[in-house]
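The values are calculated or read from the model by the stated rules, or taken from the named source; none is laboratory data. This one's a predicted model, so the numbers in the text were calculated from it and none came from an experiment. Glycine also receives a Cβ, built like all others from the backbone with ideal geometry; neighbour counts cover every protein chain displayed. Keep in mind that these areas ignore ligands, DNA and RNA; they rest on the heavy atoms of the full protein, side chains included. Shrake-Rupley method; radii C 1.70, N 1.55, O 1.52, S 1.80 Å.
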Amino acid sequence: MLRKPELLAPAGTWESLVAAVENGADAVYLGGTLFSARQSAGNFDHEEIERAVYFAHVRGVKIYVTVNILLDEQELPQAVKFLHFLQTCGVDAAIVQDLGLAGLARQVIPELPVHASTQMTIHNLPAAHLLKEHGMNRVVLARELPLNEISEIARLSGLEVEVFVHGALCVCYSGQCLMSSLIGGRSGNRGRCAQPCRLKYAMVDTAGRPLADPAQIGQYLLSPRDLNMSGHLPDLVKAGITAIKIEGRMKRPEYVATVVRIYRELLDRAVSGGDFFISPEDARQLAQVFNREFTTGYFYGRPGRELMSWKRPNNRGVRLGRVKGFNRNSRLAEVVLESSLRVGDGIEVWVSDGGRAVGKVSRIMLGGRPVERAPGKAVVELDINGRVFPGDRVFKTHDADLIEQARASFTSPKEVKKIPLAFTVTAKAGEQLRVRVQDPAGFIGEAATASSATQALNRPLTFAYLEKQLDRLGNTPFGLGSLDCRLDGEVMVPVSELNEARREALAQLETRRAAGSRDKAVPEEVFSRRLSQSLARDLAAGGVSGARTVLSVSVGDLPSLRAAVKAGAGEVHFGGEQFRSKPLLSLDDIRAASETCRQSGVRFILSSPRIMREQELEDFCKLLEGVLDSWLDGLLTGNLGLIRKAREITGVPVFADFPLHIFNHAAALFLKEAGVNRLTLSPELTLAQVRRLVPLLPVPAEAIVHGALPLMVSEYCAPGNILGDGEKACAGACHSLTCGLKDRKGVIFPVETDRHCRMHIFNSRDLCVIEDLAALKGTGVSVLRIEAGREGPDYVRDVVKSYHTVLELPASQKEEETARLKDLMLKYSPAGFTKGHYYRGITSTS
């Protein structure tokens with residue numbers, strides 16, 4: 001029999017936890033009231049987490065707690081103390097995004113297993129190896145990976161591998177989205193995503209003119225369908241995946257109950273070796289409980305248009321029938337049903353002239369008579385709010401029967417899921433009757449009656465009687481699996497004492513089951529000493545900064561590099577994301593760029609794409625192997641896999657780019673230990689946070705001061721799929737096209753595609769803090785960067801010259817000249833400028 005993956009279910013509330021456990025989850029992930037990426041979920045306070053661990057462990061289920069956000073410097077100690085709390089109460093693992101917290105956990109609370117969140121964007125084998133070297137136990141891989149790459153990581157990484165198999169998808173690589181953050185100040189990396197991907201957009205050209213008809217294709221151009229791998233579980237089992245994960249901490253408990261129940265049955269079937277199938281009824285229930293249409297995501301390659309739900313961003317329901325007409329006498333709509341309907345169901349009509357009519361079925365008329373239920377193929381009359389027309393499609397969005405079935409699984413006092421116990425009863429006249437229970441894991445509970453058994457006069461204990469009494473386990477997680485009666489003669493005991501002995505034995509078993517799966521708690525004094533020592537070491541490692549502030553610029557082609565050098569840049573980053581609007585990066589270009597910089601005394605840094613899957617990483621490493629160390633002053637990358645590979649390939653300094661989210665000193669230490677010599681701070685930090693953080697860093701820091709910041713990077717290419725033929729193989733519609741996405745307010749977000757057909761969406765307004773350079777220099781930041789990877793030489797020349805001028809100006813001349821130069825640069829950012837998060841910050845998790 002194949003190894004069965006763990007079925008991992010979500011819980012945003014206590015009811016969802018019970019629903020997951022009772023319907024067959026092997027493990028449940030949930031969040032605390034702080035440090036969780038789903039701050040809008042109900043979540044669990046400390047007392048509830050302890051209760052959840054006890055409840056789950058008694059029932060043989062693991063609990064993982066999400067601590068999967070970026071952490072500010074001031075939050076780190078509290079977050080580490082939270083990890084200690086989780087270890088002491090027996091949590092089976094913490095799911096972590098922040099590299100700093102992961103590093104501190106290894107030093108301070110190594111007894112607690114740590115899982116790398118999908119927010120870490122792990123998508124190649126070297127990155128997984130790096131995490132293993134830093135003490136991680138499991139990696140939740142990026143959702144964009146195909147099955148063959150997942151299988152290789154599972155086989156070769158030495159880590160447990162977890163993947164999402166059902167539920168909502170992010171259109172952007174998880175952990176790389178700044179859209180909600182930079183538009184509305186609600187950061188997905190801080191648990192406050194406002195889901196701007198579920199809003200309306202139009203594909204437009206640079207003048208704002210539509211490139212596609214929204215009425216034809218839809219308006220929700222960034223809204224993916226829901227992932228559904230229920231029909232492909234044997235493939236996941238064969239891939240060697242450790243855990244399959246259901247998304248949904250924001251979903252209702254009825255959703256959790258339904259999806260977990262069906263996946264439990266299917267997963268058991270998938271590992272049994274027999275024929276695998278998903279029944280039409282199971283498929284219907286998965287769709288009925290919630291769907292935006294379904295997709296298999298990227299498991300079998302790029303799905304093209306099949307990934308997206310352009311017509312609507314929310315639950316579609318299941319098709320119920322069509323409107324036949326309108327009865328003017330009864331004022332009811334006539335509907336031809338394709339499946340059954342009952343009073344209490346929810347329906348939605350997709351009205352042909354636009355809009356939707358939504359309502360709850362309060363009465364059903366069939367043949368002129370009111371009925372509670374109507375079968376498929378019947379023609380019924382319904383009250384429908386709003387105007388509807390013949391031919392309009394009707395969908396069932398709420399199935400009362402399905403919801404009642406789901407609720408029964410987690411609201412009934414009689415538990416659904418039962419652990420079979422082996423009972424042994426020993427009785428002899430003159431001695432206490434003893435009850436012994438043993439579970440399949442070998443845990444035992446024992447108890448005895450208060451008084452001794454006596455010789456029976458007329459109704460002695462029998463196997464049948466004991467079986468009946470001991471099987472009264474309805475409100476417990478246990479069931480009677482077997483009974484061994486060891487009765488010496490005809491004896492009897494009071495039924496009350498027999499029942500009490502049964503309860504005491506079960507209580508003892510329950511306690512032992514709860515305690516049996518948890519490690520010894522780390523004492524408070526041991527933890528506090530470790531934390532103090534770790535923070536003291538970190539403090540001693542900090543205080544590194546450059547001698548003078550350098551102006552750097554990221555460019556994507558040789559003409560722009562030459563413009564940057566001539567305009568006064570002290571450092572140039574060359575290469576980057578390799579947008580299709582730029583020439584393909586070659587060894588000759590790198591050599592020429594290096595020579596240009598060398599002649600002018602400018603530092604030359606080769607930069608890489610942030611996303612590099614296995615083959616792409618291998619190709620980049622081959623390119624890097626052809627580059628002489630003497631050509632480079634550094635290698636800039638936002639990819640953990642390349643950081644690990646670089647130390648095997650080159651001796652040049654490695655710089656960590658902003659996609660790695662350096663939010664605290666511990667993250668910097670993690671990267672320094674991985675071989676990083678400098679880092680770029682997260683663009684989500686405020687100026688005040690930068691001021692506090694930089695003196696603590698063990699390596700010099702860079703801050704971005706100007707340019708269009710990337711909001712998203714996605715395997716899904718909107719231009720290629722909307723304007724092309726929609727096939728999985730890219731038709732190249734986006735190769736020579738400059739376009740953007742216009743939101744409901746008329747704001748246009750520029751779009752670029754790269755050499756690997758990924759889509760990059762940029763902020764509509766350029767970051768510009770030219771007026772604040774003195775304040776940023778005062779923080780101790782060593783490098784100030786202009787982001788111009790998608791720009792041309794004119795932009796680079798004018799912007800670099802402006803910043804270079806302000807940096808060199810005496811204080812008495814700065815104010816007037818800075819204002820003039822800012823106005824000059826406005827022609828490159830017609831939507832205006834933003835100061836990003838330097839003064840606004842992002843919403844707190846507390």
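In table form, for the structure just shown:
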item	result
Cα-derived Rg to Rh of the stretch 1-113, Kirkwood definition	0.98
Neighbour-limited loop hits for trypsin sites (Lys or Arg not before Pro), the stretch 384-453 (at most 10 other Cβ within 10 Å; DSSP other than H, G, I, E, B)	K414
For R603, solvent-accessible area (1.4 Å; no DNA, RNA or ligand), Å²	90 Å²
In Å², nearest 10: area of K622 left accessible to a 1.4 Å probe	120 Å²
Solvent exposure ordering (accessible area, 1.4 Å, most first) of T424, T33	T33, T424
Helical mean residue ellipticity (222 nm; -39500 (n - 2.57) per DSSP H run of 4+; nearest 500) of the chain	-10000 deg cm²/dmol
Probe 1.4 Å, protein heavy atoms only - accessible area per residue of the chain in square angstrom	39 Å²
Order of exposure, largest accessible area first, which applies to K377, K745 with probe 1.4 Å	K377, K745
Listed residues H46, H837 arranged by accessible area, highest first, probe 1.4 Å	H46, H837
Relative contact order of the stretch 1-112, pairs being alpha-carbon contacts under 8 Å that are 6 or more residues apart, as %	22 percent
Reciprocal mean inverse distance between Cα atoms of the stretch 334-446 - Kirkwood radius, Å	18.5 Å
Over the stretch 796-846: Kirkwood hydrodynamic radius from C-alpha pairwise inverse distances, Å	12.8 Å
Total formal charge among the other residues, if their Cβ is under 15 angstrom from that of H573, Lys/Arg +1 and Asp/Glu -1	-2
Formal net charge of residues neighbouring I403 (Cβ-Cβ distance under 10 Å; K, R +1; D, E -1)	-3
Exposed-loop-free span, longest in the chain, where chymotrypsin sites (Phe, Trp or Tyr not before Pro) count as exposed if DSSP calls them loop and at most 14 other C-beta atoms lie within 10 Å	301-838
Intensity falloff of the stretch 456-540 expressed as log10 I(q)/I(0), Debye formula with alpha-carbon point scatterers, at q = 0.14, 0.18, 0.24 Å⁻¹	-0.66, -0.89, -1.21
Radius of gyration and Dmax over the Cα atoms of the chain, both given in Å	31.2, 111
Dipole magnitude (debye, nearest 20) for the stretch 738-799, charges at Cβ of Lys, Arg, Asp, Glu	260 debye
Length-normalised contact order of the chain in % [C-alpha pairs under 8 Å, at least 6 apart]	14 percent
Within the accessible area of the stretch 204-362 (1.4 Å probe), percent carbon and sulfur	48 percent
Total formal charge among the other residues, if their Cβ is under 12 angstrom from that of F164, Lys/Arg +1 and Asp/Glu -1	-2
Mean separation of Cα contacts under 8 Å (6+ apart) over length of the stretch 271-419, as relative contact order %	25 percent
About the Cα centre, charge dipole magnitude for the stretch 392-490 (Lys/Arg +1, Asp/Glu -1 at Cβ), debye	60 debye
Hull shadow area, averaged, the stretch 261-367 [alpha-carbon convex hull, nm²]	9.9 nm²
Trypsin sites (Lys or Arg not before Pro) within the stretch 247-331, DSSP loop, no more than 12 other Cβ atoms inside 10 Å	R328, R331
